[in-house]
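Engineer: Before I ask anything, let me first share the structure, which is written out below as structure tokens.
The values are calculated or read from the model by the stated rules, or taken from the named source; none is laboratory data. Bear in mind that the values here come from a model prediction, so they are computed numbers and not experimental data. Because the Cβ atoms are built from the backbone with ideal geometry, glycine has one as well, and the counts that use them run over all protein chains shown.
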Amino acid sequence: MTLSTTVPPRTAVERGAACPAHRVTTERGVALLLPDGSQAAVFRTGDGALYALDNVDPFSGAAVLSRGIVGDRAGEPTVASPMLKQVYSLRTGVCLDDPEVRVAVFDVEERDGVVEVAARPDGGR
């Protein structure tokens, strides 16, 4: 007897148009209002890569990460909160100063001159 395991197909990530791509300038952040009323912060690094995180700083509760300082730590692209200066990985959302703390990461891409962000964090899955 042969058993077959069917893996359901991975669903496409639901993304929405967030802003014109020219609004996300290099080494800066842009705050976006998502369909559910929450906020995301979108960043473009020096190599042109786009990243999106929850805009709320978990240490202060303020929606300010989009105003943070973009940089890197040992090659890891980062943003430093303008409030209390904790540094977050743009790839994973992990706080590099306190790895127990993490902000949500959103899937983001640029298509036809428009930045699109997932409606839900962590790829919308």
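Engineer: Only one of these conditions is not met by HIS22: (1) assigned to a strand (DSSP E or B); (2) touching a residue at least 60 places away in the same chain (Cβ under 8 Å). Which number is it?
Structural biologist: HIS22 satisfies all of (1) assigned to a strand (DSSP E or B); (2) touching a residue at least 60 places away in the same chain (Cβ under 8 Å) except (1).
Engineer: Please determine whether any residue of the stretch 95-117 is at positive phi and surrounded by 15 or more Cβ atoms within 10 Å (Cβ to Cβ).
Structural biologist: No, the stretch 95-117 contains no residue that is at positive phi and surrounded by 15 or more Cβ atoms within 10 Å (Cβ to Cβ).
Engineer: Which of the residues that make up the stretch 91-125 are among the small types (Gly, Ala, Ser) and touching a residue at least 60 places away in the same chain (Cβ under 8 Å)?
Structural biologist: GLY113, ALA118, ALA119, GLY123, GLY124
Engineer: Given (1) surrounded by fewer than 18 Cβ atoms within 10 Å (Cβ to Cβ); (2) at pLDDT below 95, where does LEU32 come up short, assuming only one miss?
Structural biologist: Result: LEU32 passes all but (1).
Engineer: In the stretch 69-82, what residues are over 13 Å from ASP97 (Cβ atoms) and part of a loop (DSSP other than H, G, I, E, B)?
Structural biologist: Hits for the stretch 69-82 are ALA74, GLY75, PRO82.
Engineer: Just to be sure before I move on: is LEU53 out of contact with any helix residue (DSSP H, G or I) (no Cβ under 7 Å at 6 or more places or on another chain) and either closer than 22 Å to ALA119 by Cα or at pLDDT below 95 (or both) in the structure I sent?
Structural biologist: When the stated conditions are applied, LEU53 does not pass them.
Engineer: Quick check on PRO58: is it part of a loop (DSSP other than H, G, I, E, B) and either out of contact with any Leu (no Cβ under 8 Å at 6 or more places or on another chain) or at pLDDT 95 or above (or both)?
Structural biologist: Yes: the conditions hold for PRO58.
Engineer: Here's another thing I want to ask about it. Quickly run through the stretch 35-55 and pick out the residues that are more than 10 Å from the chain's Cα centre (by Cα), surrounded by 15 or more Cβ atoms within 10 Å (Cβ to Cβ) and more than 13 Å from PRO121 (Cα to Cα).
Structural biologist: ARG44, THR45
Engineer: Just to be sure, is VAL70 of a type outside the set (D, E, K, R), touching a residue at least 40 places away in the same chain (Cβ under 8 Å), surrounded by fewer than 21 Cβ atoms within 10 Å (Cβ to Cβ) and within 14 Å of GLU27 (Cα to Cα)?
Structural biologist: In short, yes.
Engineer: Oh, and also: Quick one: count up the residues across the stretch 28-55 that are closer than 17 Å to ARG102 by Cβ and either of a type in the set (Lys, Arg) or in a loop (DSSP other than H, G, I, E, B) (or both).
Structural biologist: Looking only at that region, the number is 2.
Engineer: Let me ask something additional. It is to be established whether one or more residues within the stretch 88-107 are among the basic types (Lys, Arg) and at pLDDT below 95.
Structural biologist: no
Engineer: For ARG120, work out the one condition from (1) at pLDDT below 95; (2) charged (D, E, K, R); (3) surrounded by fewer than 16 Cβ atoms within 10 Å (Cβ to Cβ); (4) more than 19 Å from ARG23 (Cα to Cα) it doesn't fulfil.
Structural biologist: The failed condition is (3).
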